[in-house]
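Take a look at the structure below.
The values are calculated or read from the model by the stated rules, or taken from the named source; none is laboratory data. Note that the structure is predicted; figures quoted are calculated from it, not measured. Reconstructed Cβ throughout: ideal geometry from the backbone, glycine too, with neighbour counts over all protein chains shown. Just so you know, the surface numbers come from the protein's heavy atoms only, side chains and all, with ligands and any DNA or RNA stripped out. Shrake-Rupley method; radii C 1.70, N 1.55, O 1.52, S 1.80 Å.
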Amino acid sequence: MQQKRWIRLTLITGGALLLIALCVAVSALRNTESTLEIRATSQGVAIPDGFSVWHHLDANGIRFKSITPQDDILLIKFDSSAQSEAAKEVLYRSLPHGFIIAQQEESNAAVSWFSRLRSESHRLG
């Protein structure tokens, strides 16, 4: 009788841990916010103004959440990594040479891992 209780308790605990892990994974997948950084390749070159970046993105139908200058970087936030990738292509074509347009590193390791997995899934198969 005691052994059945331990088995039942083990199964319940294992199920609860699995449910918690699943909730954490779903939460990380839902957070798809993506940020691009635009910075100058050399010192003394000014970053583009937010209005011109807005104009290029809007003309190509790319939606964004915000454009924020921060020190010598222009940060552009998007709802998804797909929007971010599309914006990166448009901005490389639209902006003059001398700028680096890169994905901002995520501070959350789970979000970063899942976003890398999503962006590389089109290369499989």
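Overview of values
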item: Which listed residue, of 37, 85, is under 17 Å from residue 103 (Cα atoms), touching a residue at least 24 places away in the same chain (Cβ under 8 Å) and outside any strand (DSSP E or B); result: 85
item: For residue 80: the one exception among (1) open to solvent by 70 Å² or more (accessible area, probe 1.4 Å); (2) in contact with a strand residue (DSSP E or B) (Cβ under 9 Å, 6 or more places away or on another chain); (3) among the polar types (S, T, N, Q); result: (1)
item: Residue check for residue 71: open to solvent by 90 Å² or more (accessible area, probe 1.4 Å) and among the acidic types (Asp, Glu); result: yes
item: Of residues in the stretch 19-45 being closer than 19 Å to residue 67 by Cβ and at pLDDT below 85, the one surrounded by the fewest Cβ atoms within 10 Å (Cβ to Cβ); result: 45
